[in-house]
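Notes follow the structure.
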Amino acid sequence: MTKIVNHWIGGKTVEGASGTHGPVTDPATGEVTTKVAFASVDEVDAAVAAAKEAFATWGQSSLAQRTSILFKFRALLDANRDAIAELITAEHGKVHSDALGEVARGLEIVDLACGISVQLKGELSTQVASRVDVSSLRQPLGVVAGITPFNFPAMVPMWMFPLAIACGNTFVLKPSEKDPSASVKLAELLAEAGLPDGVFNVVHGDKVAVDRLLEHPDVKAVSFVGSTPIARYIHSTASANGKRVQALGGAKNHMLVLPDADLDAAADAAVSAAYGSAGERCMAISAVVAVGAVGDELVEKIRERAEKIKIGPGNDPTSEMGPLITKVHRDKVASYVEGAAAEGAEVVLDGSAYTYEGEGFENGHWIGISLLDKVPTSAKAYQDEIFGPVLCVLRAETYEEALDLINASPFGNGTAIFTRDGGAARRFQLEVEAGMVGVNVPIPVPVGYHSFGGWKDSLFGDHHIYGNDGTHFYTRGKVVTTRWPDPADAPAGVDLGFPRNH
C-alpha cells in the first residue's frame, strides 16, 4: 500500500481534502513509494487561520517559554538525526552521510534560536531631553510562511522556522512536493517538544498553495529558497501583496585557482564541492577558473579524483554519491554534457550515460561524474545553473581577466579563491561581486550566527537568511519616547513618599 503524506495543521495530521496528490519517488529505484496530498486554497486558508489564532497567545509568550520549547526540540532533533536522514535519503536520494550533514547544519540554526534572547535585546537612551527617555524594541510580525526546495528538505526549513517562532511568530511551511516527509517529521518533533498547536503548520502542494500564501492577507512575510526565476516571481508577487520577502535564487559559483595555489588541495576541494550531494546544491562549485599555466595540471588532478567517486544508492554506506531527484532532472543535466562539445568545450569525463548495476535499481535516476574543460562563456553548460554533477573549467591568463569573468555572471551567490598569497586573497574578497566568499574554502556557507545570502540574481529582497539578518527579517522595530513627571511635582494631597525639597 502506497504511503500518503498529509498536511499538518493546528498541531495534528489533516488528511488532504482536495483530491489531488503528487507522486514521491525513490530516486535509486525510480519507484513511486509515496503520494503527497496537494492543498487547495481552502486548506491553505485553514493553515493560515490556525497560525493566526495561535499567534494571539504565542506572540505574547515569554522568551523563556519559547526557548524552553526550542531546547526540547533540539534534543529531540539530535536524537532523531538518523531517522530524519533516512527519510531524506529515501525521497531525495543523497547518501546517508550527506543527509546527516544536512541535519547538523539545520541544528546550528536551532542552536541560534535557543539563544535568541541576545538578538532580541532592545536599546535605551536616557535623558535625551529633560525627563525624556528613548527605547527601541523588536516585535514579531504575525503569521509568516516558508517555501522550500527539494535539495535540502530538512536544513532549509530549519534555516527559517526556528528563528521565526523564537521571535514570536507563527509559521506555515510549504515544502517541496518531491520529498515532503522530513518536514512532517520536524512538525511531529516540535509537537512532542511542547510547541502549542498552530504555531507550526505544514501544507503540501504546487503553485495553487504557493500563490495562496503569496496573496493571503494574514501572511506578513515570506521566505523562499529555490531557482532564480521562481525567486523573482515570489519576490514580485509577495511584495505586490504588501509582504516582507526574502527570496534566495540560483547560483553559478566560481572557484578561482591562482598559479601559486596548492593544486592538490584545490583539486580535492573542487571535487567535493562540485560533486557532493550530486551537485544538487546552490553552493556547489560549478565553475573552476584556472589562471595561467596551472590549468592542465589542475584538470588532470580533478579527473583522477573524480573517476574514483563511488556512485550508488544513498542507503549503501559505501556510496559517495547518489542519484538525482527525478528522471526529468537527470535527463536535463545529461543534456548539458551531451551538447558541450558542439559548443566548444572539451569533454574530459562524460557521466551522462552512467547506469548503476544492481537488481531493482535499473530505473533509478542515475548519472555519472562529468568534467568539461576549456568551456567558453557562451556555452549553456556555463551560463545555466545545471544543479547536477557537472564541473566546468574555464581558463584565464591573469587574475584581472578571471575576476572580470566571475563578476560578469548574473549570479552572485558564493565564490572561492585558492592561493597562498594573502594580498591576492584580500583583493579578491573585496573586489568580487558575490555575497559569500571562501579563501581556500570551496563552499563558504556561513555558520549559523552569520547570515547566508548572495548578490545580484541570487537574492531578491533586502535580508539574507538566518544569523542577525534572520532575526531582523522576522521582527519589526519600534521606538518608544517616554516622559514621566517627577514624583516631587505630584499634586498636593498625594504623597508618594518622596521628599519635597530635592
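Within the stretch 5-51, the set of residues being over 19 Å from D211 (Cβ atoms) and assigned to a helix (DSSP H, G or I) comprises A50 only.
Give the number of residues within the stretch 25-52 that are touching a strand residue (DSSP E or B) at 6+ places or on another chain (Cβ under 9 Å) and closer than 12 Å to H204 by Cα. Qualifying residue count, the stretch 25-52: 8.
Considering only residues that are within 30 Å of T25 (Cβ to Cβ), out of contact with any Asp or Glu (no Cβ under 8 Å at 6 or more places or on another chain) and part of a loop (DSSP other than H, G, I, E, B), which ones fall in the stretch 369-415? Passing the criteria: D384, E385, I386, P389, N413.
Results for (1) under 20 Å from V143 (Cα atoms); (2) not hydroxyl-bearing (S, T, Y), shown as yes or no for each residue.
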site	(1), (2)
T13	yes, no
S18	no, no
V48	yes, yes
Q60	yes, yes
Q65	yes, yes
A75	no, yes
A79	no, yes
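Annotation: S97 fulfils all but one of (1) surrounded by 13 or more Cβ atoms within 10 Å (Cβ to Cβ); (2) out of contact with any strand residue (DSSP E or B) (no Cβ under 9 Å at 6 or more places or on another chain); (3) farther than 28 Å from G314 by Cα; (4) among the small types (G, A, S); the unmet one is (3).
Out of all the residues in the stretch 428-449, which are at pLDDT 95 or above, of a type outside the set (V, I, T) and open to solvent by 50 Å² or more (accessible area, probe 1.4 Å)? Answer for the stretch 428-449, where residues must be at pLDDT 95 or above, of a type outside the set (V, I, T) and open to solvent by 50 Å² or more (accessible area, probe 1.4 Å): Q429, L430, E431, E433, N440.
Results for (1) surrounded by 21 or more Cβ atoms within 10 Å (Cβ to Cβ); (2) in contact with a Gly (Cβ under 6 Å, 6 or more places away or on another chain); (3) outside any loop (DSSP other than H, G, I, E, B), shown as yes or no for each residue.
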residue: F171; (1), (2), (3): yes, no, yes
residue: S176; (1), (2), (3): yes, no, no
residue: L186; (1), (2), (3): yes, no, yes
residue: P196; (1), (2), (3): no, no, no
residue: D211; (1), (2), (3): no, no, yes
residue: L214; (1), (2), (3): yes, no, yes
residue: P217; (1), (2), (3): no, no, no
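The single residue among F200, F161 that is without any contact (Cβ under 8 Å) to a residue 60 or more places away in the chain, open to solvent by less than 10 Å² (accessible area, probe 1.4 Å) and more than 13 Å from F38 (Cβ to Cβ) turns out to be F161. Scanning the stretch 94-121 for residues that are part of a helix (DSSP H, G or I), touching a residue at least 60 places away in the same chain (Cβ under 8 Å) and under 28 Å from S62 (Cα atoms) yields R105, E108, I109, D111, L112, I116, Q119.
The residue that is farthest from E192 (Cα to Cα), among those in the stretch 1-15 that are surrounded by fewer than 23 Cβ atoms within 10 Å (Cβ to Cβ) and in contact with an Asp or Glu (Cβ under 7 Å, 6 or more places away or on another chain), is N6.
Exactly one condition in (1) closer than 21 Å to F73 by Cα; (2) open to solvent by 10 Å² or more (accessible area, probe 1.4 Å) is not met by L190; state its number. It is condition (2) that L190 fails. In the stretch 203-244, which residue that is in contact (Cβ under 8 Å) with a residue 60 or more places away in the chain and acidic (D, E) is farthest from R66 (Cα to Cα)? Residue satisfying both the conditions and the ranking: D206. Against the numbered list (1) open to solvent by less than 20 Å² (accessible area, probe 1.4 Å); (2) without any contact (Cβ under 8 Å) to a residue 60 or more places away in the chain; (3) touching a helix residue (DSSP H, G or I) at 6+ places or on another chain (Cβ under 6 Å), D373 comes up short only at (2). Looking only at the stretch 20-59, residues that are closer than 26 Å to P217 by Cα and either of a type in the set (D, E) or without any contact (Cβ under 8 Å) to a residue 12 or more places away in the chain (or both) come to 5 in all. Inspection of the stretch 431-451 identifies no residue that is part of a helix (DSSP H, G or I), more than 30 Å from Q119 (Cα to Cα) and out of contact with any helix residue (DSSP H, G or I) (no Cβ under 7 Å at 6 or more places or on another chain). Given the stretch 228-330, what helices (runs of 4 or more DSSP H) lie entirely inside it while holding 1 or more residues that are within 25 Å of the chain's Cα centre (by Cα) and at pLDDT 95 or above? Result: 228-240, 263-275. Taken residue by residue, the stretch 142-151 has at least one member that is at pLDDT 95 or above and over 26 Å from P217 (Cα atoms).
Of all residues in the stretch 50-75, those satisfying the criterion of being open to solvent by less than 20 Å² (accessible area, probe 1.4 Å), among the aliphatic types (A, V, I, L, M) and under 14 Å from L112 (Cα atoms) are I69, L70.
The values are calculated or read from the model by the stated rules, or taken from the named source; none is laboratory data. Given the structure is predicted, the values throughout are model-derived calculations rather than measurements. With ideal geometry, Cβ positions are generated from the backbone for all residues, glycine too; neighbour counts draw on all protein chains shown. Note: areas computed on protein heavy atoms with side chains; ligands, DNA, RNA excluded. Shrake-Rupley method; radii C 1.70, N 1.55, O 1.52, S 1.80 Å.
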